[in-house]
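The structure appears below as structure tokens.
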Amino acid sequence: QVQLVESGGGLVQAGGSLRLSCAASGRIIRVDTMAWYRQAPGKQRELVATIFRSGATTYAASLEGRFTISRDNAKNMVYLQMNTLKPEDTAIYYCNADVIMYLGGPVSSYWGQGTQVTVSS
């Protein structure tokens, strides 16, 4: 009933940039908090960045200001601009969104299928 589709991943050299996009579609009244997570091979999934409906953001401290999360509430989309990429940023990046599907309904969390980001040294 709700789908999240990520795009924009790929192969980039160290120091390069990528912009990830995630579109939420389906039966949606409102999208609240949206976030990007990543999972590197052999590691647990970790939170990269969060953006609230108000536009307030939080980031993982390890990113050192290299990433920027943004959103378009009218389009139910979230973006992740990644600059000065490092080989350790290599991972599958997942979009997550808290969605309300009908008036008075609960908030439900949905995940995208992930997009691969590979940074070569």
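The values are calculated or read from the model by the stated rules, or taken from the named source; none is laboratory data. All values reported here derive from a predicted model rather than from experimental measurement. Ideal geometry is used to build each Cβ from the backbone, glycine not excepted, and the neighbour counts take in all protein chains shown. Each accessible area value is taken on the protein alone, full model and side chains, heavy atoms only, with ligands, DNA and RNA left out. Shrake-Rupley method; radii C 1.70, N 1.55, O 1.52, S 1.80 Å.
Points worth noting:
- Two-site FRET efficiency, A40 against I100, from Cβ-Cβ distance with R₀ of 30 Å, rounded to 0.05: 0.40
- Fraction of accessible area attributable to carbon and sulfur, region 35-121 (%, probe 1.4 Å): 52 percent
- Per-residue ³J(HN,Hα) for region 47-63, Karplus 6.51 cos²θ - 1.76 cosθ + 1.60, θ = phi - 60°, Hz, x for Gly and Pro: 6, 9, 7, 10, 9, 8, 4, 5, x, 5, 10, 9, 9, 5, 4, 5, 6
- Gyration tensor verdict on region 1-57 (Cα atoms; rounded if a/c is under 1.5, prolate if a/b is larger than b/c, oblate otherwise): prolate
- Each of F67, G104, M34 was placed along the dipole of the chain (beta-carbon charges, centred on the mean Cα), and the one lying farthest toward the positive end is G104.
- Per-residue ³J(HN,Hα) for region 94-109, Karplus 6.51 cos²θ - 1.76 cosθ + 1.60, θ = phi - 60°, Hz, x for Gly and Pro: 10, 9, 10, 9, 9, 10, 10, 8, 8, 4, x, x, x, 8, 10, 9
- Under 5 Å between amide hydrogens, built in the peptide plane, is the criterion, and for G16 it picks out L85 among residues at least 5 positions away or on other chains.
- Whole-angstrom gap from region 81-95 to region 1-76, using each part's C-alpha centre: 11 Å
- Label sites at N73 and T58, each approximated as a point 7 angstrom past Cα along Cα to Cβ, lie 2.0 nm apart.
- Computed over the chain, relative contact order equals 36 percent, with contacts defined as Cα pairs under 8 Å that lie 6+ residues apart.
- Paramagnetic label reach from Q1 (point 7 Å along Cα→Cβ; backbone nitrogen cut-off under 15 Å): within region 12-55, residues 25-31.
- Surface accessible to a 1.4 Å probe, per residue, for the residues of the chain, Å²: 52 Å²
- Only one item in [x] 14.2, 50; [y] 13.3, 40; [z] 13.4, 43 matches Rg and Dmax of the Cα atoms in Å derived from the coordinates shown, and that item is [x].
- Model label points for Q13 and E88, set 7 angstrom from Cα along the Cα-to-Cβ axis, are 2.2 nm apart.
- For region 36-41, 3J(HN,Hα) per residue [Karplus equation, 6.51 cos²θ - 1.76 cosθ + 1.60, θ = phi - 60°, Hz, x = Gly/Pro]: 10, 10, 9, 9, 8, x
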